[in-house]
Structures are given as C-alpha cells and as structure tokens.
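All of the numbers you see were taken from the coordinates with simple rules; none came from a lab. Quick caveat, the model's predicted, so the values are computed rather than measured. Here Cβ is always computed from backbone atoms with ideal geometry, including for glycine, and neighbour counts include all displayed protein chains.
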Amino acid sequence: MEVAKSFFTTFSQPLDIKEVEEVFCNYCGAGEFGLLCIESGFQIRECRRCGLVYVSPQPAAAELPAFYDGMYADTSDEAMAARSMGAMEGHLKRIIRKRMPNGGRFLEIGCGNGRLLKTISDLPIELTAIELSESAAAYARKAVPHATIIDASIDSAEFPPQSQDCIAIIAVLEHVKDPRASLTKLRDWLAPGGAIVIQVPYVQNFIRVKRWLPWLPIYFEAPRHLFDFSPRLLRRYLEELGFVDIRIEIARPYASNGPIGAALIWGVKGIGFAIYTLTGGYIYPFAAATTTHAKLPG
C-alpha cells in the first residue's frame, strides 16, 4: 500500500499497516458523519455536528512511528533540499520574530530536517525541538548544531509547565491521534503571554471539488494525514484552550516537484491570496494549508 501523492509532494511513502481502529470526532465526540470520499481504502469523514474532517478507521498509535521513519528514509542533502521552496520558512520566521520581539525560549514540535530551526537560528532565541524520526533528528543536529533536539514524540515528551515562550507545530497536528490533547499539552508548556504557531493542511475543499473533477492531483494523503482542519474549527480549538489574538493566514508553499509544480502552486495560491486580501482575511479559498498563530493572555 502507498499513500496517494499530491503533485506538490516530493516523496512517496509505502505503508504496511497491521492494526486500525474506528474513531469518532476529536472535537465534539459525535459519531454522526458524512462521507467525503474513500482514499487508499480509508474513509474521509466530515462530522455532521461540528464539521471536523477526519480519517476513520485510523492506524493504531503503535503504527505511527513507522510513518515518520518512512517520511525521512532518504536523508541525503539532495532529498532534504527538495522538501522546501523556502517561502514557508521565511513566512514562519516573520511570524516568530513578531511573536517573540524580546527573544526567549522556542520549542518546535516535529522539527524534521531542521530547516525551520536553521532559518530562525539568527534570532536571539534559545532553540529546542523534538522529533520522532531518528534519521531526521540526526540530520537536524548536524544542520543546527547549537539547537537541542530530543528524540521524542509529542506524547512522550515532557517539559516543565510554563517553560516555553513560543511553540511551533508545523505539519504535525494532522498526524497526531488526539489533536485536542496535544494542543492542551502545548498550552500547558507555554508561559503566560507565550505564543503558538500552527501549520496544517486545509484540503477539504479540493476533496469536495474532486467529486466533479476526479483528475485533480490533490489528495487527502490518508492515512498519513488523519485530520484536516478548517480555519473556523481550528480557531474554536484555540479559543476553548484560552488563546487570544488568533490570526489565521494562508500558508506559503512548502514544496514542489519542479518548476511546473511550483507554478501551479503559486497560481492557485495567488487567487487565494487575492480573495483573502479583498475579504479582509475572512475567506480562505483553496488555501491547501493555513498558518495560525495566537498567544496566551499575559
């Protein structure tokens, strides 16, 4: 079995899943759902009560470490360089600099190959990260030798309460089994006034359009991706956890499979940016991914 690959995905990932489990909506707990599609044999469901889009059945928790190792099977410089266009890291750096004007302690959840850490390494902040993939963590340590990188998952990692000034979780929340519990844990690690930066896919509108245009080369990427968060619902998650000053933007492109792919990505996002700007940041059409940042009350 192999995860369906969107045109902007730079790697293939075969999977050997032995155990799956039925799940309900992570946000509201409801069991009623509408079926958006079936991908690689997995149902993509939309909660009828709150609108959360999720995969069910999902791989059991014990299966997840193999997912991350498979994502970073090739740690050559060429493969790692192909994973980014650079625009995403620059955008995140501007957000982090704004949210941490006085420096402080920065924690990245799932740093991958360390590209974001390297991009922000010139800021006056103390860098720490956790990463589940041992191969990716080893590469990141070489790329950013002054950062502290811990081999751990969000479930196994432990930090003192209120010990971080900013936490970034980039392209990770869609992989975890319990987003609500994970966000609660991160909230507890943040100091008063601390910031969180979240980037997640937002492809559910593309999945709906594929009912009429099945040739569109965009996929949910089940079961590697377990959730898809609309801006409205992600805001509700954060509001319930006490975050304020919540801002949601269209994410910059992460990667592409060459110049044609890059042109397609920027073409779609260009239209999205225009509508987003004209509506005062209210509509996020076909964003493919969003970047959300917020803070706790000081």
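Here the strands (runs of 3 or more DSSP E) wholly within segment 91-154 that include at least 3 residues being of a type in the set (A, V, I, L, M, F, W, C) are 104-109, 125-131. Within segment 181-228, the set of residues being more than 27 Å from Arg99 (Cβ to Cβ) and aromatic (Phe, Trp, Tyr) comprises Phe206, Trp212, Trp215, Tyr219, Phe220. For segment 167-185, taking the residues that are assigned to a strand (DSSP E or B) and among the β-branched types (Val, Ile, Thr), the one that is farthest from Tyr54 (Cα to Cα) is identified as Ile167. Summed over segment 29-60, residues that are part of a loop (DSSP other than H, G, I, E, B), buried (at least 16 other Cβ atoms within 10 Å of the Cβ) and not hydroxyl-bearing (Ser, Thr, Tyr) total 3.
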